[in-house]
Amino acid sequence: MRRKTDVVLINPGDKKQVYQELGKELTAIEPPYWITVIASYLRNKGFDVNIIDANAENLLPDETASKVNEIDPLLAAVIVYGSQPSASTQNMTIAGKICTAIKTKTSAKVAIGGLHPSALPGRTIEDEDVDFVIMGEGHLTLKGLLDTLRHGKNDYSLVPGLWYYDREKTKSNQRAPLIQNMDEGLPAAAWDLLPMRKYRAHNWHCFDNIEQRMPYGAIYTSLGCPYSCIFCCINAPFGKSGIRYRSPELVVEEIGLLTDKYGIKNIKIADELFILNEKHYMTIVDLVIQKGFDINLWAYARIDTIKYENLNKMKKAGINWLGLGIESASNAVRDGVNKQLKRRDIIDVVRQIQSAGIRVGANYLFGLPDDTHDTMQETLDMALKLNTEWANFYCAMAYPGSKLYVIALQNDWKLPESWDGFSQHSFGMLPLSTRYASAREVLKFRDDAFHVYFENTDYLNMIGTKFGSKIKSHIHEMTKIRLKRRLLEN
């Protein structure tokens, strides 16, 4: 008799290792949307599916394995995605421990997939205690693998996108084709399989009501990105740059499901670039307005994709925050990584967004190949001048799957010794050196810049005016936490 459950999909995570003390209250706990979409797709194909969100449940590897043992599936698939490009690689350390625990303590076959395994499938199958590596999006690979396991076969040669062992030798099959029917490939997610009350929005996302960060939702309206920034790895599962869209009607239907069934108001639009195709995103905006949802949305945009005439309607639909990838104030540094924007354009666009009542989360990057101490200071000075409602400061990292990773290997640049060292907030984090600054100098500049920005009087006064004394106090408490760094201890 066939087991009841064909596959359990596992979301790995270790908040303490990845975020240190920030993980307790400040960071978001995002629902694993990609896993939940795969679960829905597989259920629609007739498979029995379960999900273990080890990150949200705060489970140790052995506890995760015990849950897998109770479910007793044919296949346990650890899917290593994340809420931003670094999140897949930084979670590989804990993902590997979970795979080992499942392999040791259960009878299930073990697979690993996601962005990082797609970028480095050969190394992943050699390094981890797994039977299979899923390269690519995963839908067709998992369907083919489950069909094979259901029939008790050991021939995996026809499963697209699969890496596996055959007589102790590693073999790989041709990459699976990309999803073409996006509404079939990304149906409404299997939210019923998640612990929905455990998800928490970013602190800044809820500056209007900091006590109401839970519950939290996240959805995709599109997959991929048409751009090819050298520091970004987001297209690794797809094998190329490009973007594909779900229908606006299905997107808005899913937003309605989140609000009506689960009482979710805070929602992240997880697209790498939501504000791009005007017809697509404005149709969603119009439908959301028609439905009259009371929601608090945030999404990603680029400086050069913003159209001023759309901002007021976007605000009316509940888009209260836009994340902008500014990266650097230096034209030379930005142009060196294919971000050909002008400083004046950046300032003008930020002010136009804010004039519509939409808050800006600006993203800055220190340590790009041409960065000097002076250009990094120029970037920080621009951040202070823009004085946006939120700012993220990152170090340049050569994430597997990015062009920068290939360049780093070719030039023998020093990379982190363990995967969690790719986390922006971890103790062992090791950024790239530049042509003019050491990794230690870059990391110190980044960590100091965070405190310079958020402890700045102009910023705190702006926050107090816009959001009140409670949020101003919240920022004070946040800046009391200083990240510990191995690289800065000596």
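Pair-distance distribution P(r) for region 213-259, from all Cα-Cα distances in 5 Å bins starting at 0: 5, 18, 21, 15, 14, 16, 9, 1 percent.
Taking 16 Å as the straight-line reach from the Cα of residue 480, the aspartates and glutamates in range (excluding those fewer than 8 positions away in the same chain) are 21, 25, 447, 448, 455.
Loop-located trypsin sites (Lys or Arg not before Pro) across region 99-200 with a Cβ neighbour count of 12 or fewer within 10 Å are 153, 167, with loop assigned by DSSP.
222 nm [θ] for the chain, helices only, -39500 (n - 2.57) per DSSP H run of 4+, per residue, to 500?
Helix-only estimate at 222 nm: -11000 deg cm²/dmol.
The 1.4 Å probe gives accessible areas that order 140, 60, 287, largest first, as 60, 140, 287.
As a fraction of the 1.4 Å probe accessible area of region 299-444, surface on carbon and sulfur atoms comes out at 47 percent. Shown here for region 399-463: trypsin sites (Lys or Arg not before Pro) in loop regions (DSSP other than H, G, I, E, B) with at most 16 other Cβ atoms within 10 Å, namely 414, 435. The C-alpha atoms of the chain define a longest principal axis, and helix 343-355 lies at about 90 degrees to it. The residue among 460, 431, 450 whose Cα reaches farthest toward the positive pole of the charge dipole of region 426-490, with charges on the beta-carbon of Lys, Arg, Asp and Glu, is 431. Summed over the residues of the chain and divided among them, the accessible surface reaches 41 Å² per residue at a probe radius of 1.4 Å. Using the Karplus relation 6.51 cos²θ - 1.76 cosθ + 1.60 with θ = phi - 60°, the per-residue 3J(HN,Hα) values for region 179-192 come to 4, 9, 8, 5, 6, 7, x, 10, x, 3, 5, 7, 4, 5 Hz, with x marking Gly and Pro. Protection proxy ranking for 128-135, 273-280, 481-488, using the average of other Cβ atoms within 10 Å per residue and placing the highest first: 128-135, 273-280, 481-488. Would you pull out the residues with amide H under 5 Å of residue 52's amide H, same chain only if 5 or more places away, H placed 1.01 Å from N? Amide H neighbours of residue 52: 9, 10, 11. The C-alpha atoms of the chain define a longest principal axis, and helix 278-291 lies at about 90 degrees to it. Of the labelled figures [x] 1.07; [y] 1.26; [z] 0.95, only one reflects Cα Rg over 2.2 N^0.38 Å as derived from the coordinates, namely [z]. Which Cα, out of 160, 205, 296, lies furthest along the positive dipole direction of the chain (beta carbon charges, K/R +1, D/E -1)? Among 160, 205, 296, the one farthest towards the positive end of the dipole of the chain is 296.
The values are calculated or read from the model by the stated rules, or taken from the named source; none is laboratory data. These numbers come from a predicted model, not from an experiment. Counting neighbours? That spans all protein chains shown, and the Cβs are built from the backbone with ideal geometry, glycine included. Just so you know, the surface numbers come from the protein's heavy atoms only, side chains and all, with ligands and any DNA or RNA stripped out. Shrake-Rupley method; radii C 1.70, N 1.55, O 1.52, S 1.80 Å.
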